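First up is the structure itself, then whatever we jot down about it.
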Amino acid sequence: MRDMNRSASPGSTPFEFGEDFAALPEYRATRTTEVDFAGLLDEPLKLYEDLQSGCGGQLWPAGMLLAKHMLRYHRDKLQHSRILELGAGGGLVGLTVARGCGGLDHPVFLTDMAEMESLMQHNITLNGLEDRAKARILNWGEPLSKEVVDLKPDIILAADCVYLEPTFPLLMQTLQDLLALAPSATVFFCVKKRRRADNQFLRVARKTFTVTEIEDEDRPVYSREGLFLYAFTQK
Ligand SMILES: C[S@@+](CC[C@H](N)C(=O)[O-])C[C@H]1O[C@@H](n2cnc3c(N)ncnc32)[C@H](O)[C@@H]1O
């Protein structure tokens, strides 16, 4: 059951609410895209894109950046990790990790709202990754499921999850719940800054967690496009 005390309550949270909505992507026909991140994946990942279920149904630049970063810098370090992706959409980041970071002990949990579950599952099956990735519903701000509590994820992936202001406190609550569960966990957080409110999310994050900007050789290029990569850890 939903804990209403955790709902967004404009004016009673450290977040200010200005423009409520980022522009939603225009509707476009479904398609299947193949990505291999300039050869970093031996076998390309296929992503079915379908905006019918929501904006997570297409590939977003922050997801592409975080997926590539994980392959480049972490592919040999995640064998024993318990990995969970928030706001996974079609599952780009989590599936890239599941395919490209070989020999994982645990399946990668792709999570999003119920509307995205079938797309996440479709992309798991499309890539034959049923043994290495699981699609699950995780609504930000709601209590974590027993399965997630038992998993105690220690690598949390989140790409382009800062785009809709009323969800900021909910996302922050879930990040806090996850880091309380596994205090040594790292959140890899990739954001595209579009509006002033996005900085407000990061200001609250800095007060709540230790926030470190991550080194990446492509930083000079992607920072010009308003993309930033951070690690959040427990203070
Ligand atoms: C802009 S998309 C990014 C998708 C994907 N991470 C990527 O980078 O391609 C944001 C995602 O956050 C999810 N989302 C938004 N609000 C949410 C909430 N309250 N609980 C869980 N997921 C949410 C959306 O369904 C969507 O898939």
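Residues in the range 26-63 that are out of contact with any strand residue (DSSP E or B) (no Cβ under 8 Å at 6 or more places or on another chain), touching a residue at least 60 places away in the same chain (Cβ under 8 Å) and among the hydroxyl-bearing types (Ser, Thr, Tyr): 1 in all. Against the condition within 20 Å of THR167 (Cβ to Cβ), open to solvent by less than 10 Å² (accessible area, probe 1.4 Å) and not small (Gly, Ala, Ser), how does PHE228 come out, does it pass? No; evaluated as a whole, the condition is false for this residue.
Taking the criterion of being open to solvent by 60 Å² or more (accessible area, probe 1.4 Å) and not in a helix (DSSP H, G or I), the residues of the range 49-79 that qualify are ARG75, ASP76, LYS77, GLN79.
Does the range 204-223 include one or more residues that are more than 10 Å from the ligand (Cβ to nearest atom), open to solvent by 60 Å² or more (accessible area, probe 1.4 Å) and either in contact with a His (Cβ under 6 Å, 6 or more places away or on another chain) or under 30 Å from THR32 (Cβ atoms) (or both)? So far as the range 204-223 goes, yes, one or more of its residues are more than 10 Å from the ligand (Cβ to nearest atom), open to solvent by 60 Å² or more (accessible area, probe 1.4 Å) and either in contact with a His (Cβ under 6 Å, 6 or more places away or on another chain) or under 30 Å from THR32 (Cβ atoms) (or both).
Summed over the range 179-200, the residues that are at pLDDT 95 or above, more than 13 Å from the chain's Cα centre (by Cα) and not in a loop (DSSP other than H, G, I, E, B) give a count of 3. The selection criterion, being surrounded by 14 or more Cβ atoms within 10 Å (Cβ to Cβ), farther than 18 Å from CYS55 by Cβ and touching a strand residue (DSSP E or B) at 6+ places or on another chain (Cβ under 6 Å), does not hold for LEU151.
Listed by position, the helices (runs of 4 or more DSSP H) contained in the range 80-173 that have at least 1 residues being under 19 Å from ALA185 (Cβ atoms) and under 14 Å from the mean Cα position of the chain (by Cα) are 92-100. If you go through the range 91-129 and keep only what is charged (D, E, K, R) and within 9 Å of the ligand (Cβ to nearest atom), you end up with ASP112, GLU115.
Checked against the criterion of being of a type in the set (A, V, I, L, M, F, W, C) and near the ligand (Cβ under 10 Å from one of its atoms), the range 194-201 contains not a single residue that satisfies it.
The values are calculated or read from the model by the stated rules, or taken from the named source; none is laboratory data. Predicted model, so just to flag it, every value in this text is computed and none were measured. Neighbour counts are summed over all protein chains in view; Cβ atoms, including those assigned to glycine, are modelled from backbone coordinates with ideal geometry. For accessibility, only protein heavy atoms count, side chains too; no ligands or nucleic acids. Shrake-Rupley method; radii C 1.70, N 1.55, O 1.52, S 1.80 Å.
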